[in-house]
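Trainee: Pasting a structure below so you can have a look.
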Amino acid sequence: MPERLDPVLRDEIDDRVAEAFDAYLAERLAEPGPLRSALDAGRGAGVVLGTVAFGAFATVVAQFEPTVLCWIWGSLAVINLAWLLTRPRR
């Protein structure tokens, strides 16, 4: 059985992972694509984040019923795609 990591070492590893993840996200946001163009156009990700939050809530309420979950998440995917495809073009 492996020994537990020293708390100081664990914190250092967590910090390095967080820094690497921040650098990765910064690189991704610098690349051209739908997210970058939406941010440049001044449109936030509120719709997408709202639908994901609604989906998480609906998943709990639906008590993990597969048919209901497919309808919920399928509908949310359509909403998110419509939002992405109808954004103003430059």
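Trainee: Just add up the charged neighbours of Ala20: K/R +1, D/E -1, any other residue whose Cβ is under 14 Å from the Cβ of Ala20. Each step should come with its number before you reach the end.
Mentor: Details: positive: Arg16, Arg28; negative: Glu12, Asp14, Asp15, Glu19, Asp22, Glu27.
Once positives and negatives cancel, what remains is -4.
Trainee: Could you work out how far apart the two model spin labels at Thr67 and Arg4 are, taking each label as a point 7 Å from the Cα in the direction of the beta carbon, and quote it in nm?
Mentor: With each label placed 7 Å out from Cα toward Cβ, I get 4.8 nm.
Trainee: If r is the Cβ-Cβ distance from Ala20 to Thr59 and R0 is 35 Å, what FRET efficiency results, to the nearest 0.05?
Mentor: After rounding to 0.05, the efficiency reads 0.70.
Trainee: Right, next: So how far apart, in nm, are the two label points at Ile13 and Leu81 if each is 7 Å from Cα heading toward Cβ?
Mentor: With each label placed 7 Å out from Cα toward Cβ, I get 4.1 nm.
Trainee: Just subtract the alpha-carbon distance of Val52 and Glu31 from 0.36 nm times their residue separation and send over the number in nm, one decimal.
Mentor: So the chain would gain 5.2 nm between Val52 and Glu31.
Coordinate-derived values only; no laboratory data. What you see is a predicted model, and the numbers here were worked out from it, not measured in a lab. Because the Cβ atoms are built from the backbone with ideal geometry, glycine has one as well, and the counts that use them run over all protein chains shown.
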